[in-house]
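Undergrad: Dumping the structure here so I can ask a few things about it.
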Amino acid sequence: MTLPVEHLRLDDSFMHDPHAAAAALRDKGPVLPVILPTGLPVWLVTGYEEARSLLLDPRLSSDGVYDRLERLREAADGKPSSFSEDLARHLLNTDPPDHTRLRKLVNKAFTPRSIEQLRPRIAEIAAELTDALDTSGPVDLLRDYAYPLPMIVICELLGIPKDDREMFGAWSDVLVSTAPPEEIGAASESMGRYLAGLLEAKRVSPREDLLSALVTAGEDGDRLSVPEMIAMSFVLLIGGYETAVNLIASGVLALIRHPGQMAALRSNPALLPGAVEEFLRFETPNNLSSPRYTKEALRVGDVEIPAGQFVMISLLSANRDGARFPGPDRLDITRPAGGHLGFGHGIHFCVGAPLGRIEGEIGIGHLLAAFPAIELAVPEAELTWRPSTAMHGLAELPVRLG
């Protein structure tokens, strides 16, 4: 396609060394036209004030954005979209009033109070997983702890059978990766078909779980349609564990890299809630916001973004903006909480934020209580990050547990 302005082409360092890449981009300006490593041309927002403002700006639309992205991709490679239409009809792909209606309905089944009641069960799962960790040699903390903890929690919450959890993990890995479009499409179709069948089973025989509640949730005679339920289930499943996996693993790595902060947290576990907020800021699990497009020409500072352009907001970059956070590259678990964009901002603020916070607090807290020493089992330079522009997470975390 012909680009209206010269775009800066980003390489794989945007995924594998994102903080250095973000700092270099912020030095060039808070809003820049770039081509992501996936080949998508977007206006990328890296400054905190600009990010926070645009996440609230109704001139940026999410309505049908994934349809637009697929049309752009199809025009580029000539292949029709294979992404599940049902999965694409989710909260992050809608504007008010549709978004308001969908969010209101799901909030009836996914309340902070109901999530808080899960705390004892999450602690029980964390204890079971820490007991099972092998202390005789290196262990992949991502595979054996940070991944299964939120996966078990969200599957129990939604009512997904135990034997199906690994399937969801495999599908999710593909959907948030930079895999070829055909592979992403196949994973989306598989997940869509599975969720449709599972929701029908919940309708026929409801249980005490969130998917059954979604099937019956309604207000003033309004209920989610079947495609809407499939899309909502998809968003809750992916959002309900992807962020928490990366929060736990990256949080532990941050503490390993900053032993003084780990010692302070061990000596005063009451600091855990604030520490989780700092991990969300310092190693933001969600690199980029969901995509949006300009409904009209939009001026941001000295930059004008034309109408009809894709815009993405780097939550990770905004959270390291020194204009908002003093000493932004310093981990400080006593830093005043609040203000970070780790869960986004505005109408698309993560519906699973309360669950993610609890899982991060319990998950990291149980590890520190169970093991007096946690250290890397490989040189830090050997650690790799997942090939994803959407998520910021480790591919593995080999550690030794004392």
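Undergrad: For Gly360, indicate whether it is over 21 Å from Ala132 (Cβ atoms), small (Gly, Ala, Ser) and surrounded by 15 or more Cβ atoms within 10 Å (Cβ to Cβ).
TA: Answer is no for this residue.
Undergrad: Which ones in the range 11-31 are assigned to a helix (DSSP H, G or I) and closer than 25 Å to Glu304 by Cβ?
TA: Phe14, Ala21, Ala22, Ala23, Ala24, Leu25, Arg26, Asp27, Lys28
Undergrad: Still on this structure, please answer the following. Looking at this structure, is Thr135 β-branched (Val, Ile, Thr) and surrounded by fewer than 17 Cβ atoms within 10 Å (Cβ to Cβ)?
TA: Spelling it out, Thr135 is indeed β-branched (Val, Ile, Thr) and surrounded by fewer than 17 Cβ atoms within 10 Å (Cβ to Cβ).
Undergrad: For the range 93-148, what are the residues that are part of a loop (DSSP other than H, G, I, E, B) and modelled with pLDDT of 95 or more?
TA: Leu133, Pro138
Undergrad: Name every residue in the range 196-205 that is out of contact with any Gly (no Cβ under 9 Å at 6 or more places or on another chain) and either of a type outside the set (S, T, N, Q) or modelled with pLDDT under 80 (or both), in order of residue number.
TA: Listed by number, the residues that qualify are Ala196, Gly197, Leu199, Glu200, Ala201, Arg203, Val204.
Undergrad: Oh, and also: Is there any pair linking a residue in the range 204-233 that is closer than 20 Å to Glu85 by Cα to one that is assigned to a loop (DSSP other than H, G, I, E, B) and at pLDDT below 85, with Cβ under 6 Å and at least six apart or on different chains, and which?
TA: Correct list of pairs: Pro227/Arg89; Ala231/Arg89; Ala231/His90.
Undergrad: From Ala263, Ala297, which residue is over 17 Å from Val31 (Cα atoms) and modelled with pLDDT of 95 or more?
TA: Of the residues listed, the single one that is over 17 Å from Val31 (Cα atoms) and modelled with pLDDT of 95 or more is Ala263.
Undergrad: Give all pairs with beta carbons closer than 7 Å in which a residue from the range 138-165 that is farther than 12 Å from Pro398 by Cα meets a residue that is of a type in the set (Asp, Glu); count only pairs at least 6 apart in sequence or on separate chains.
TA: Close Cβ pairs satisfying both conditions: Leu149/Glu359; Pro150/Glu359; Val153/Glu359; Leu157/Asp209; Leu158/Asp209; Gly159/Asp209.
Undergrad: In the range 293-315, which residues are of a type in the set (A, V, I, L, M, F, W, C) and either surrounded by fewer than 19 Cβ atoms within 10 Å (Cβ to Cβ) or more than 12 Å from Val45 (Cα to Cα) (or both)?
TA: Residues satisfying the conditions are Ala297, Leu298, Val303, Ala307.
Undergrad: Check off (1) modelled with pLDDT under 95; (2) aliphatic (A, V, I, L, M); (3) over 25 Å from Ala231 (Cα atoms); (4) in contact with a strand residue (DSSP E or B) (Cβ under 9 Å, 6 or more places away or on another chain) for Ala76 and give me the number that stays unchecked.
TA: (4)
Undergrad: If you don't mind, another one. Hey, among Ile347, Ile313, which residue is in a strand (DSSP E or B), among the β-branched types (Val, Ile, Thr), touching an Asp or Glu at 6+ places or on another chain (Cβ under 9 Å) and touching a residue at least 24 places away in the same chain (Cβ under 8 Å)?
TA: Only one candidate passes the filter, namely Ile313.
Undergrad: Could you look through the range 154-195, keep only residues that are under 19 Å from Met229 (Cα atoms) and among the polar types (S, T, N, Q), and pick out the one that is modelled with the lowest pLDDT?
TA: Ser172
Undergrad: Output the residues belonging to the range 33-50 that are in contact with a His (Cβ under 8 Å, 6 or more places away or on another chain) and outside any strand (DSSP E or B).
TA: The answer is none; no residue qualifies.
Undergrad: Something else now. For Ser212, which of the numbered conditions (1) more than 17 Å from the chain's Cα centre (by Cα); (2) of a type in the set (Ser, Thr, Tyr); (3) under 30 Å from Ile374 (Cα atoms); (4) surrounded by 14 or more Cβ atoms within 10 Å (Cβ to Cβ) fails to hold?
TA: Ser212 satisfies all of (1) more than 17 Å from the chain's Cα centre (by Cα); (2) of a type in the set (Ser, Thr, Tyr); (3) under 30 Å from Ile374 (Cα atoms); (4) surrounded by 14 or more Cβ atoms within 10 Å (Cβ to Cβ) except (3).
The values are calculated or read from the model by the stated rules, or taken from the named source; none is laboratory data. Everything numeric in this text was worked out from a predicted model, so none of it was measured. So basically every Cβ, Gly included, is an ideal-geometry build from the backbone, and we count neighbours across all protein chains shown.
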